[in-house]
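Below is one structure, written out as structure tokens; the observations come after it.
The values are calculated or read from the model by the stated rules, or taken from the named source; none is laboratory data. Only a predicted model underlies this, so the values are computations on that prediction, with no experimental measurement involved. No Cβ is skipped: glycine too gets one built from the backbone with ideal geometry, and neighbour counts run over all protein chains shown.
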Amino acid sequence: MTVRIENQTCFFITRNGEEIRLCPDVTIITDAEKSMSAVDLDGQRIYITEAEADALTVAGAADGRRHLKATDSDSVI
């Protein structure tokens, strides 16, 4: 798990240690290339699970995710 939430404060595990942010100051994005949710902290992209993204939005983070649509003709979607 890369994120922990306590009282609307988010703790992210990064390669440089732990980053702490107020949840309302965090925006969740979609990395279209990797088809994953992420947050950008000081120029470092932290990839998170959909469950973590949902928990962050409940704690007050902005949800900037986009739904991606498969464009491959072999897709079952």
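Might you check whether a residue that is over 19 Å from ARG65 (Cβ atoms), outside any strand (DSSP E or B) and over 10 Å from the mean Cα position of the chain (by Cα) occurs anywhere in the stretch 17-38? No: zero hits.
Could you grab me the full set of residues in the stretch 26-48 that are touching a residue at least 24 places away in the same chain (Cβ under 8 Å) and within 15 Å of CYS10 (Cα to Cα)? Even if it seems obvious, please write down each step before you answer.
First pass over the stretch 26-48, keeping only residues touching a residue at least 24 places away in the same chain (Cβ under 8 Å): 26-30, 32, 35, 37, 39, 41, 44, 46-48.
Those that are touching a residue at least 24 places away in the same chain (Cβ under 8 Å) and within 15 Å of CYS10 (Cα to Cα): VAL26, THR27, ILE28, VAL39, LEU41, ILE46, TYR47, ILE48.
Picking from residues in the stretch 13-40 that are polar (S, T, N, Q) and under 15 Å from ALA55 (Cα atoms), the one that is surrounded by the most Cβ atoms within 10 Å (Cβ to Cβ) is SER37. Among residues of the stretch 50-70 that are farther than 16 Å from ASP40 by Cα and modelled with pLDDT under 90, those with a beta-carbon under 7 Å from a residue that is part of a strand (DSSP E or B) and among the polar types (S, T, N, Q) at least six positions away or on a different chain give the pairs LEU68/THR30.
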